[in-house]
Structure formats: structure tokens, C-alpha cells
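Student: Have a look at the structure that comes next, please.
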Amino acid sequence: MSETQLLDRDELRRLFDLRSSYNAFSGGDYTDDPYPAWRELRERAPVHVGTVHELTGYPGDAFFHGLPFPDRPHFSAFAYEACDSAYRDPEVFASSPDAAGPTAGEISMTNSMLSMGGAQHRRYRSLVQPSFVPAKAQWWIANWIERTVHVLIDGFVDAGRAELNVDFAAAIPVLTITGSFGVPVDQALVIRQSLANPTQIVEVLEPIVASRREVPRDDLISVLVEAEYTDEDGVTHRISDPEIYSFALLLLGAGSGTTWKQMGITLTALLQRPEVLDAVRNDRELLRPAIEESLRFMPTDPMFSRWVTRDVEFHGVELPRGAVLHLCIGAANRDPARWDRPDDYDIGRPLKPALAFGSGPHVCIGMHVARAEMAVGIGALLDRLPNLRLDPDSEAPRFIGMYERGATEIPVVFGPH
């Protein structure tokens with residue numbers, strides 16, 4: 001039985017369709033275009049009182065990084081300079097409200113490197129960073145990404161049509177990440193759906209971690225069990241099991257929940273512009289700028305938050321200690337002070353760093369793996385599906401979502417006209 005047969009399509013749709021009840025809590029039911037509102041807010045001031053979804057006009061409650069925290073004052077930044085400066089000042093703008101780390105609480109995605117600061121964050125990041133540098137991307141491609149991509153395409157290549165969002169893009173990161181853990185394909189979706197119940201994930205990972213401590217293999221868990229650091233007293237330590245579990249949860253939540261949406265956004269942007277898709281098909285050097293432009297044009301997670309550690313004047317607004325500052329990177333990435341014609345998707349524009357992967361000490365550790373997944377996935381589609389185009393007889397994909405933006409179904413046909 002192939003990987004595609006082992007993946008339950010209905011379960012994939014429940015977990016990865018932004019409109020499903022599983023994703024509604026982050027604003028998956030939002031169907032408007034938020035960018036006109038964000039442009040107006042950015043033009044009025046770089047920083048505003050309130051949350052991003054309230055200021056955008058979203059009528060309900062939405063939950064994401066930094067939300068809800070109803071007892072704290074909330075502010076939102078919409079300009080590139082404001083967002084970038086907050087990212088680069090972790091002493092004033094902390095990544096979590098409290099000290100974090102699996103030794104300081106329960107095992108969870110947020111109680112991990114994502115929420116650490118200072119020396120603790122630098123130490124933990126240095127342990128895992130070597131597996132995520134650009135030069136290591138080929139290790140991920142050869143071990144997991146390339147095979148996953150082609151097995152998925154094998155499942156529909158003879159049909160002449162496919163749905164590329166849930167049936168293709170969504171499956172690639174979750175199979176890549178769980179594969180790097182040594183988890184069998186038939187348990188991949190079980191792990192992904194258990195993010196809210198870390199105990200279930202630990203039950204799957206525990207024997208794998210124990211096995212890799214005895215006999216390491218060529219996978220990520222083996223890298224983690226062998227990683228060492230030296231503390232302030234010169235004593236050498238290895239990463240504990242709880243620390244490995246929390247990093248695995250972070251990688252699962254952040255990696256499998258973002259890359260597929262960004263790949264869907266990139267595919268939709270290209271399919272909506274057949275002349276640009278043809279250019280990329282004929283010159284693969286254009287694939288990288290096409291991906292980078294989608295990251296700027298529509299980052300899948302358009303907001304992250306920081307906790308204000310002391311009273312500070314910030315871009316004309318007084319932020320009190322304890323406030324939450326929401327960084328609307330979706331708006332920042334279209335700031336005309338940094339990019340000409342920022343509302344256009346233009347793969348020919350000069351490359352400049354955008355904020356889709358964050359900035360500063362907490363810049364996304366998995367960004368090069370994410371880029372590799374998108375490049376290999378889209379490149380393989382162009383290699384194997386001649387004359388790839390949107391299905392004219394199906395509803396065209398639309399961009400939806402508040403704090404997790406992505407495309408609806410991406411129905412395509414391929415082969416001769």
C-alpha cells in the first residue's frame with residue numbers, strides 16, 4: 001500500500017481545510033481581503049491600539065499567537081520598520097509572557113525554543129540549527145522530501161486532473177517532518193491531529209527516542225539525541241527527552257501547519273497568472289523568486305506577537321509593560337516605503353528580505369526546509385504535469401483566513417488542451 005493510500009483524505013481535509021471546524025478558531029471563516037484595511041491602517045499610523053482582527057473588522061473572536069490575553073492591553077504594528085525593529089529587540093519585545101522550556105513546565109509547542117529568550121534560546125537554537133542550515137537542505141530533500149513529492153504525484157498523474165492544495169501541498173510537510181522522526185506513514189496524521197494532546201505524541205516518540213539513543217540512524221531524532229551543549233560551569237549536557245519532545249511538537253505545529261499553505265498560495269498565484277507560470281516552467285531559475293515573492297505578497301501567518309517587558313515609546317505610541325504587541329507582517333510586507341507597487345505579485349522585483357519567516361534572533365529555524373519543500377514540490381509538478389492549468393470547469397481557488405491565510409481547493413487539469 002502506498003503513502004497516498006495510507007493517508008485518509010477526509011482526515012486530511014478536516015485537518016488542513018482552513019474552513020473546517022478544526023481551523024475556525026484562528027479565523028478560518030474569514031473570506032474577505034484584509035489587505036485594503038491593512039493598507040489604510042498602515043497609512044494612518046505605524047502602530048494602533050487593538051488587535052489585528054478587531055482593527056481589520058473581523059466580527060468574532062480569533063485565537064493565535066498572543067491571543068486572547070483579555071487582561072492585557074493590546075497594540076498592533078502595520079509598518080515594516082515597526083515590525084522589523086520589534087523583532088530585532090528581544091529584550092523589550094519578548095517572544096513569550098513567561099520563562100519557557102520543558103524543564104519549566106509541561107511539554108508543549110509553546111513551551112519550547114519558540115518561547116525562550118536570551119542565553120537559553122541561543123543555546124538550544126545552536127543545538128538544532130546545524131540540521132536546518134541551507135547546506136543541509138539537500139539532506140532533507142534526499143531523505144524525505146523528494147520521495148514524498150513523487151509518491152503523491154504518482155497518485156494522480158494518470159488522471160489528467162487533481163486538487164493540489166489538500167491532496168498534494170498539505171501532505172508534503174507532515175510526511176517530511178514525521179519521516180524525519182522515524183514515524184511510519186500510517187501514524188503521520190494521528191500525530192498531526194494530536195497537537196492539542198501532546199501526551200499522545202510523546203507515546204509515539206518515546207520508543208523512537210529510546211531506540212535512537214541506543215542505535216542512532218540518519219534522521220533528525222538521532223541528531224537531537226546526540227547533540228551536546230556546555231553550560232556556564234563548563235559541564236557538558238545532552239538534550240533531555242522532554243526537550244526533544246517539545247522541539248518535535250514545535251516542528252510539527254509550525255512546519256506542517258504553514259508550509260503547505262504557503263505552497264498553496266504560491267501555486268495559486270502562479271496558476272492565476274499563466275504567463276508567469278509559463279516563464280517559471282521554461283526557466284527554473286525563476287522558481288526561487290516566485291516563492292520569495294509569494295512569501296512577501298501573502299505570508300500564510302500574517303501576524304505574530306511580542307510581549308512588552310518595560311514601558312516604552314514605540315513609533316509614537318506609549319506601550320506599557322505587560323502589553324501585547326501584534327506584528328502584522330502581512331501589512332509590513334506590502335509597505336510602499338520598502339517595495340514599489342507592493343500589492344502586485346511580481347517575480348521580477350529585486351529580492352529584499354521580507355518578514356514571512358520573522359526576523360532577529362527568532363527567525364524561523366525551518367525556513368530553508370520550507371523553501372526546499374516548496375521548490376521540490378512545485379518543480380516536480382511542472383516536470384511531470386504538462387500544460388498544468390486551473391480547471392475551467394471547477395470553482396477557482398480563493399484566498400481566505402484571518403491569522404492562517406491560504407487557498408481553498410486548487411483544482412487543476414493537465415495534459416493536452
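Yes or no, residue by residue, for (1) more than 30 Å from residue 389 (Cα to Cα); (2) among the polar types (S, T, N, Q); (3) free of Cβ contacts under 8 Å to residues at least 60 places away in the same chain:
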site	(1), (2), (3)
210	yes, no, yes
236	yes, yes, yes
249	yes, no, no
258	no, yes, no
268	no, yes, no
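Student: Could you check, for the range 133-143, whether at least one of its residues is over 16 Å from residue 371 (Cβ atoms), at pLDDT 90 or above and open to solvent by 40 Å² or more (accessible area, probe 1.4 Å)?
Tutor: yes
Student: If a residue has to be surrounded by fewer than 19 Cβ atoms within 10 Å (Cβ to Cβ) and in a strand (DSSP E or B) to count, how many in the range 318-347 make the cut?
Tutor: Adding up the residues that qualify gives 1.
Student: Moving to a separate point now. Just the residues that are in a loop (DSSP other than H, G, I, E, B) and open to solvent by less than 10 Å² (accessible area, probe 1.4 Å), please, taken from the range 398-407. Talk me through it step by step, then tell me what you get.
Tutor: Here is the first cut: in the range 398-407, the ones in a loop (DSSP other than H, G, I, E, B) are 398, 401-405.
Scanning the range 398-407 gives 401, 402, 403, 405.
Student: I need the full set of residues from the range 357-371 which are part of a helix (DSSP H, G or I) and crowded, with 18+ Cβ neighbours inside 10 Å, in order please.
Tutor: Correct list: 362, 369, 370, 371.
Student: Could you check residue 228 against (1) modelled with pLDDT of 90 or more; (2) exposed (fewer than 14 other Cβ atoms within 10 Å of the Cβ) and say which number it fails?
Tutor: (1)
Student: Next up: Step by step: first the residues of the range 18-48, then only those that are open to solvent by less than 30 Å² (accessible area, probe 1.4 Å) and at pLDDT below 60, then the one that is farthest from residue 164 (Cα to Cα). Which residue is that?
Tutor: Selected residue: 23.
Student: Return the residues of the range 120-171 that are under 26 Å from residue 239 (Cα atoms) and assigned to a loop (DSSP other than H, G, I, E, B); say none if nothing qualifies.
Tutor: Answer for the range 120-171, where residues must be under 26 Å from residue 239 (Cα atoms) and assigned to a loop (DSSP other than H, G, I, E, B): just 133.
Student: Please specify each residue of the range 274-291 satisfying the condition of being without any contact (Cβ under 8 Å) to a residue 24 or more places away in the chain and either closer than 17 Å to residue 414 by Cα or open to solvent by less than 70 Å² (accessible area, probe 1.4 Å) (or both).
Tutor: 275, 278, 282, 283
Student: Which condition does residue 369 not pass, out of (1) touching a strand residue (DSSP E or B) at 6+ places or on another chain (Cβ under 6 Å); (2) modelled with pLDDT under 95; (3) within 30 Å of residue 138 (Cβ to Cβ), if it passes all the others?
Tutor: (1)
Student: Filter the range 149-195 down to the residues that are surrounded by fewer than 20 Cβ atoms within 10 Å (Cβ to Cβ) and within 22 Å of residue 404 (Cα to Cα) and list them by number.
Tutor: If the condition is that a residue be surrounded by fewer than 20 Cβ atoms within 10 Å (Cβ to Cβ) and within 22 Å of residue 404 (Cα to Cα), then 163, 190, 193, 194, 195 are the ones that fit.
Student: Return yes or no: is residue 217 basic (Lys, Arg), modelled with pLDDT under 90 and open to solvent by 90 Å² or more (accessible area, probe 1.4 Å)?
Tutor: no
Student: Still on this structure, I have one more. Kindly check whether there is at least one residue in the range 79-93 that is open to solvent by less than 10 Å² (accessible area, probe 1.4 Å), part of a loop (DSSP other than H, G, I, E, B) and farther than 16 Å from residue 359 by Cβ.
Tutor: No, the conditions are met nowhere in the range 79-93.
Student: With the checklist (1) open to solvent by 50 Å² or more (accessible area, probe 1.4 Å); (2) within 15 Å of the chain's Cα centre (by Cα) in hand, flag the one item residue 303 doesn't pass.
Tutor: Going through the list (1) open to solvent by 50 Å² or more (accessible area, probe 1.4 Å); (2) within 15 Å of the chain's Cα centre (by Cα), residue 303 breaks only (1).
Student: Let me ask another. Considering only the range 372-397, state which residues are part of a loop (DSSP other than H, G, I, E, B) and either in contact with a Ser or Thr (Cβ under 8 Å, 6 or more places away or on another chain) or closer than 16 Å to residue 169 by Cα (or both).
Tutor: 385, 388, 395, 397
The values are calculated or read from the model by the stated rules, or taken from the named source; none is laboratory data. This one's a predicted model, so the numbers in the text were calculated from it and none came from an experiment. Heads up, the Cβs are rebuilt from the backbone with ideal geometry, glycines too, and the neighbour counts pull from every protein chain shown. What goes into the accessible areas is simple: the full protein's heavy atoms, side chains included, and nothing from ligands, DNA or RNA. Shrake-Rupley method; radii C 1.70, N 1.55, O 1.52, S 1.80 Å.
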